[in-house]
Every structure is written in C-alpha cells, then in structure tokens.
Amino acid sequence: MSEQPAPADARQQLEPATADGLRAYAARTRANADQFAAVREDIAENGLPAVEDCTPWEDLREAHLAAQRPAVA
C-alpha cells in the first residue's frame, strides 16, 4: 500500500451508516488499547500480581465461552 493518501476525488465515499459503524469500531479498538496500556503501566509501576491473586486463564476462557452460549431452559 502507498504511504500517501489518495486524492480526495479518488476516494470512494462510505454510506453514513457504514461510516458510523467504522467510527464505533475505531472507538472500541482505541478503548481496548487504552485498557491494555493501563494494565501494562500498572505492571511496570507495581510489578506482577501474586499468583494467589490471579485467575487461571482456563477459568477465564470457560466463563467467556459460557457467556456466549445460549441459555437452555
């Protein structure tokens, strides 16, 4: 890809709903990056948390997957 932006008349304009969706995605991505950076800064400032205070990744994965499964009556 070129480092130079395309001239304004060569760009394809997006539908307003598509542009809004893209802006929302960018905002979520930015928020996630900010949260990740904050965690890294906290680790740099205070060190790693004690193992006893951490949740195993397997437990986090299972909770995430359970939240995605549809509820069964």
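What follows draws every value from the coordinates through simple rules; no lab data is involved. None of the values given here were measured: they were computed from a predicted structure. All Cβ positions, glycine included, derive from the backbone under ideal geometry; neighbour counts span all protein chains shown.
How high is the FRET efficiency from A17 to A67, r the C-beta distance, R0 25 Å, rounded to 0.05? Could the numbers behind the result be given before it?
Values: r = 28 Å, r/R0 = 1.12.
The formula returns an efficiency of 0.35 here.
According to a simple spin-label model (label point 7 Å from Cα along Cα-to-Cβ), what is the distance in nm between D9 and D53?
Between D53 and D9, the label points sit 6.1 nm apart.
Along segment 58-69, what does the Karplus equation 6.51 cos²θ - 1.76 cosθ + 1.60 (θ = phi - 60°) give for ³J(HN,Hα), rounded to whole Hz, x for Gly and Pro?
With the stated coefficients, segment 58-69 comes to 4, 5, 5, 5, 5, 5, 5, 5, 5, 5, 8, 6 Hz.
Return the sequence-ordered ³J(HN,Hα) values of segment 20-35 in whole Hz as given by the Karplus equation 6.51 cos²θ - 1.76 cosθ + 1.60 applied to θ = phi - 60°, using x for Gly and Pro.
So the J values, rounded to whole Hz, are 4, x, 5, 5, 5, 5, 4, 5, 5, 4, 5, 5, 5, 5, 5, 5.
If packing is taken as the average count of other Cβ atoms within 10 Å, what order do 58-67, 9-18 fall into, highest mean first? Each step should come with its number before you reach the end.
Numbers: 58-67: 9.4, 9-18: 7.9.
Descending packing order for the listed peptides: 58-67, 9-18.
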